[in-house]
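Taking it in order: structure first as structure tokens, then the write-up.
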Amino acid sequence: MKIIKAYIYSMNIPLRHPFGHSSFRRSYSDSIIVKVVSSDGIAGFGEGVARPYVTGETTAAAVEHIRRVLLPAVMKIRIDTPVHDVLEYLNTVIPSPAADEGVIAWNAARTAVETALLDCYLKTHGQSLSAVLPRRNDAVHYSLVIGSGAVTAAERTAWLCRLAGITDIKIKVGGANDLKRIATVRKVVGGGVSIRLDANGAFDRDRALAFIDAASRYDIACIEQPQPRGAEHELADIMRRSPVPVMADESLVTIDDARRLIERQACGLFNVRVSKCGGIYNALQIIAHAEKNGIDVQLGCMVGETSILSAVGRHMAFHIDGIRFLEGSYGTFLLQHDIATKSIRFGWGGAARPLSSPGLGCDIREQSIRRYSRDILQVV
Ligand SMILES: [Mg+2]
């Protein structure tokens, strides 16, 4: 397989409702879609979601990195490796230059290219991503996430969760009325549902400890990223003193981050997100490291991701042993339109089926990508 042409789409799809947390409030998605075309005329689609407050990448900078650095490197070579080592091979051919100032890692850019190449490669060989990530689990169950906002909005979503049989809920905290929102959600869903919190780095250490203490009376499973990235030594202190375990999200971008968090005993859980962590290969490395060190894993997602990253997440979810919490596959629950011909949203109870069609497992409606793209670049 040789890539002869590529396109980079910067997409904005409106969300059904604005979604917010303590770092940002958004009313549209902003995915970068990479399309690669092989000399055999086969197209592969990949996705990355750049977030300045997560990896340091802006969408514009990630697109430029893909255009200038990543695509020129992979368009020079033939990719004819066997299926069982295609992930490792792609990891060696996609460049990993040192990040520029302000960027932690070019992970969204890398993810868009890795997943596009993988989609094209698998379609070329008539294989599903499950040939690379064999299915090990019989069932998967997604969580629902309640964004920051009014108590009444949290209550509405909690009722939705209850009616939809959702058993894992995450509530964004770090804004106004947090305890009231948590109490309201707990009252609506009852005792059999797990509730976890995500502060997106909103607290300092003392506020975090006081908040966790007050929130823990509502039977909380864990708290995600109570302090911002950069305060990992204090995260370890919170982990020691908190009645509920700490999950690292913004503090966990690279494999070096994973090693440092484990060394410092700064958390009990990792939130591994494919786009944040630099693609499937890197995410699996981090997960292997977590497993070896007794760290539980949440397989997370990017808000507003399309069916491409959701399909990748689905294969990962069926492949990885012992995932504690699972997020993603929200599709048109969140987006006004998705770009796949067939929805891969989860269903009742958060359950979802495995995907088996060639490539990443979702059929792309290319005119939808074009319709929602504010910028299209062609690379030859
Ligand atoms: Mg988070």
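Taking θ = phi - 60°, what integer Hz values does the Karplus form 6.51 cos²θ - 1.76 cosθ + 1.60 yield along the range 323-330, in sequence order, with x for Gly and Pro?
These are the phi-based 3J(HN,Hα) values: 5, 7, 9, 10, 10, x, 6, 7 Hz.
Rounded to a whole number, what is D in µm²/s for the range 1-144 from Stokes-Einstein with the Kirkwood radius over alpha-carbon pairs (20 °C, 1.002 mPa s)?
130 µm²/s
Hey, what do the phi angles of the range 41-52 turn into as Karplus ³J(HN,Hα) couplings, whole Hz, using 6.51/-1.76/1.60 and θ = phi - 60°, x for Gly and Pro?
Values per residue, Gly and Pro as x: x, 8, 9, x, 10, x, 9, x, 10, 7, 9, x Hz.
Are there trypsin sites (Lys or Arg not before Pro) in the range 271-300 that DSSP puts in a loop and that have at most 10 other Cβ atoms within 10 Å, and which ones?
none
Taking the Cβ-Cβ separation of residue 321 and residue 264 as r and a Förster radius of 25 Å, what is the calculated FRET efficiency to the nearest 0.05?
Efficiency computed from Cβ-Cβ geometry: 0.50.
Be a star and scan the range 241-272 for residues whose amide nitrogen sits under 11 Å from the point 7 Å along the Cα-to-Cβ vector of residue 205.
241
Would you please put 202-214, 235-247, 305-317 in order of how densely packed they are, using the mean number of other Cβ atoms within 10 angstrom per residue and starting with the highest?
305-317, 235-247, 202-214
Tell me, in nm to one decimal, what length is gained between residue 363 and residue 216 on full extension, where the rule is 0.36 nm per residue of separation less the Cα-Cα distance?
Full-extension gain reported as 48.6 nm.
How far apart, in nm, are two points set 7 Å out from the Cα along the Cα-to-Cβ line at residue 370 and at residue 256?
4.3 nm
How many percent of the accessible area of the chain is carbon or sulfur, using a 1.4 Å probe?
Carbon with sulfur: 49 percent of the solvent-accessible area.
Which residues in the range 299-341 have a backbone N closer than 15 Å to a point placed 7 Å from the Cα of residue 77 along the Cα-to-Cβ line?
No residue qualifies, since no backbone N sits under 15 Å from the label point.
Can you give me the long-range amide H partners of residue 335? Hydrogens built in the peptide plane at 1.01 Å from N, cutoff under 5 Å, separation of 5 or more residues or another chain.
Amide H neighbours of residue 335: 16.
Quick one: which residues, 5 or more positions from residue 146 or on another chain, have an amide H under 5 Å from its amide H? H modelled 1.01 Å from N in the peptide plane, none for Pro or chain starts.
The list, which skips near neighbours in sequence, is 170, 171, 172.
Once you charge only the Cβ atoms, +1 for Lys and Arg and -1 for Asp and Glu, what is the size of the charge dipole of the range 144-350 about its Cα centre, to the nearest 20 debye?
Dipole size: approximately 500 debye.
How large is the accessible surface per residue of the range 144-350, computed with a 1.4 Å probe and reported in Å² as a whole number?
For the range 144-350, the solvent-accessible area averages 36 Å² per residue.
Within the chain, which complete DSSP H helices have Cα atoms spanning at least 24 Å along the helix axis and a mean Kyte-Doolittle hydropathy of 0.0 or higher?
Helices passing the filter in the chain: 107-124.
How much length is gained on full extension from residue 380 to residue 241, taking 0.36 nm per residue of separation minus their Cα-Cα distance?
44.5 nm
Structure shown: which of 35/342; 5/342; 35/170; 5/276; 292/342; 123/276 lie over 28 Å apart, alpha-carbon to alpha-carbon?
35/170; 292/342, as the Cα separations exceed 28 Å there.
The values are calculated or read from the model by the stated rules, or taken from the named source; none is laboratory data. Predicted, not measured: the structure shown is a model, and the values here were computed from it. All Cβ positions, glycine included, derive from the backbone under ideal geometry; neighbour counts span all protein chains shown. Keep in mind that these areas ignore ligands, DNA and RNA; they rest on the heavy atoms of the full protein, side chains included. Shrake-Rupley method; radii C 1.70, N 1.55, O 1.52, S 1.80 Å.
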